[in-house]
Structure formats: structure tokens, C-alpha cells
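Presented below is the structure to which this report refers.
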Amino acid sequence: MCDITTKKKLSFKAPAKKGRMKLWELKEHFLCPILGTCLSMNELRKVLRQSGVTMQTQATDYDLHSAMVHASGEKSRAARNLNKMLDRKYERWIQLLAKCSDNGELEQHWKDAMGSGDIAGCFWAVMTHPLSSGDLIRTAYEDVHMLSHIQGASNRADMKRLKFLETEVAQLMETVNKTRCNHSEQLKQRDELIRRQEHEILKLVSRQTQQNNLQIEDVFKDELRKQKQAAEKRADWAEEQLAQREMQMAQLQEEMRGLKELLLETREEHAAMEQTLSMVLADRDTGPEQASGLDLDGKRILYVGGRSTLTSHMRAMVEAHNGMFQHHDGGIEDSKSRLKCHLAGADMVFCPIDCISHDACLRVKRHCQQQSKQFIPLRSSGLSTFTAGLRLHTAQAVGAVEM
């Protein structure tokens, strides 16, 4: 930039009052700061490729910058592509400054851009704006020119600082590598220590596990022994309960057989009772001369024991056949002395062996033998058995008299 400005006097006249200026319409000495400030080297290379401009393979960035500045001085393909790229890149600034109505507003925007440090877009918009004055263009040019010097000094300081930092980084990297080696060695030692500790822990755990397993095995054996004893007790109890159930079953079966026999006997007694009642009613209706053939001839019939519910039927049957009926329960409620009185006046004594005490039965039998009384034991206390016994022994007595 300084080489160009020293060759001839620079012109800072304001552009004509028309639309925005194109890149090739600007003064030649504006092209260098515009391209150097507003576009990067990669963007210049892109335009170079789009425009078909060829350069040597070993061309430097300065060579590329100088070539593009020279191409921008005339309305060439490269100049048009550069102008389009600048307009697209800084469209926001172009639209913002397009709203300005005088040079004062443009100058204020430039001051704001300088204060913020974002000058590239505002520099392109100011340099091509139709309302920019010569003073504003000079100010913008000079500000950018001095910024380039400041930037260059800053770059040189940065390079010096960079070299120092590179040296310091190298030293730090060496320190880091040593530290990393030491750290790696410490990690190895730590890992080895951890490995040995884990091995010891595994041994302790294994030993403790074996001890726990032995304790668990003892507890398990003791528990199994207790369970076995409890199971044996339950088995003994079950066997005892089974034996009791079998005994109860046998008793129930025996009781059931007795009940069946009692039911059969009851049915037989019921039938005999109906038959006896029929006979009694028939004898009463037909008279003594047409009786059933059973004539007790006034004999006293004593019935010892039996069931009190049947005595009224027995009494009716005996009295219907010309007899007298007396009953004694064998000493349950009736007195034993009264039994002797009944036995003394009885002609025939009936005693059901299933419904009288053994002692009372033997006592009645002995008394009948002593008094020469006819003692007739009955297998049951049913009415049919009594009727059958009464008929049988009455018939035997009649046959003996006839003989």
C-alpha cells in the first residue's frame, strides 16, 4: 500500500451523485486496501479460479494480491466476480448504509465500526456509497492504512511472542513428557500394588468363603436333622392317627352293622306289630270262638327288661288272648323287691337278653328255677320275638297237658 501512495499524489474526491460505485470505478489506490481488508486470501483464490486467471505454481500471497489489485482496475471478469463477492459478503452493511440520507450519518456509522473493530463491511459500503464525501473517504482510507501498520507491528510482536511461546511450549512438553513417564511408572506401581492387594483379598475371601461354607454346611446339617426329627414325629403321629382312624372305622362299621340289624329287626317288629294288631282287632270282632288259636287261659305273663315303648303293645296282645301282662324293667327304675313279687305270681317269665343287665337276667333265671317257673329267654326285645316266643311256648304247654 505504501509503495503505491509514494509514486503519485492521491485523490480523495467524492464520487458523482449516482448509484453505488463498482470496484473498477474506484480510484486505483483504493483497490489495495479494499481487497486486503475486505477479502481473505482463500476468497481471492476462489475468485482467481472462477475468473480463469493463471499464475505461477510458486506464486506467493503477495503475488496473488498484486494480481487481483491490477485486475480490479478495469472492468474485467475478475473485477466483476470480486465486486459480486464483496456485495454478497457485506450485504447487511450495504442495506444499513443505504438508509442514510446524508454524509453525517455515514460518518457516524464509520466511527461506530472503528469503535467495535468490525470495519471491513462498513469500509466497503462507505467507499462505494454515493453520499460519501471526500473527507469521509480520506478518513476511512487513512484509518485503514494506519490499522494495517498497527496490524503489521502487532503481527511482528505476535511472531516474536509466538517464537518465545513455541520455545516455552517445547520446554513444557518436555516437562509434560517427563511427568507423563513418571505418572506412567507410578500407575504401573499402583496397578501392581492393586493386583497384589486383589490377590490377597481373593485369598482372604476364598478362606472366609470356605469357613462360611463349613458353617453353612453345619447349620444345614443341623437343620436337616431337625427337619428329619420333625418329619419322624409327624410320621409317628400320622401312623397313630391312622391307627385310631382304623379303629374308629372298625367301630363305625360294627355300629353300622348293628344299625342295619336294628333296622331289619325294627322292620320285622313293625310288620309283627301290624300283624299282631290285625290279629287283636280280628279277635275282638269275631269273638273268642273265632280267635287265632292262641289262648293264654288266664295265665300271668311277666316280661322283665326290654323297651318300655313296646310294653303297651305287648300288654294289649296278651290281654286280647285271655292273659294277664306284667312288666318289670329289671331294676332300672322299678325296685328289685317288686321283681320278687312279680316273679312269685307269674306263670311264664320272658326275658330279652339284649335289653337287660346280665345280673338281672341271672337273678330272674335262678328264681324261676327255684320256683319251678317257666323261664323263656328271648334273643331280642322286639314285639315279633315276644309274639313268636309266646305262641311257641303256649303251644308246647297245651301239647304237654293233652299228653
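Laid out as a table, the results:
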item	result
Rounded FRET efficiency, nearest 0.05, which uses the C-beta distance separating VAL169 from SER40 and R0 of 35 Å	0.85
Label-point separation in nm, MET256 to CYS181, each point 7 Å along Cα→Cβ	10.4
Ranking of HIS129, HIS183 by count of other Cβ atoms within 10 Å, fewest first	HIS183, HIS129
Stretchable slack from LEU193 to LEU224, in nm (0.36 nm times residue separation minus alpha-carbon distance)	6.7 nm
Cβ-based exposure ranking for SER337, SER184, in which fewest neighbours within 10 Å come first	SER337, SER184
Relative contact order of segment 2-132, defined on C-alpha pairs under 8 angstrom at six or more residues apart (%)	35
Summed residue charge, Cβ within 14 Å of GLN229's Cβ, Lys/Arg positive, Asp/Glu negative	+2
Overall dimensions of segment 294-402 as given by Cα atoms, namely Rg and Dmax in Å	12.8, 41
Sites ARG77 and GLU105, calculated FRET efficiency, Cβ-Cβ separation with R0 45 Å, nearest 0.05	0.80
Sorted by Cβ density within 10 Å, fewest first, the residues LEU39, LEU202	LEU202, LEU39
Sequence-separation-based contact order of segment 74-227, relative, with Cα cut under 8 Å and 6+ spacing, percent	15
Net lengthening on full extension, ALA316/ALA231 (0.36 nm per residue, minus Cα-Cα)	23.9 nm
Viscosity 1.567 mPa s, 4 °C: Kirkwood-radius Stokes-Einstein D of segment 2-132 over Cα pairs, µm²/s	83
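Every number in this text was worked out from the coordinates using simple rules, so none of it is lab data. Quantities reported herein were computed from a predicted structural model and do not represent experimental measurements. Neighbour counts are summed over all protein chains in view; Cβ atoms, including those assigned to glycine, are modelled from backbone coordinates with ideal geometry.
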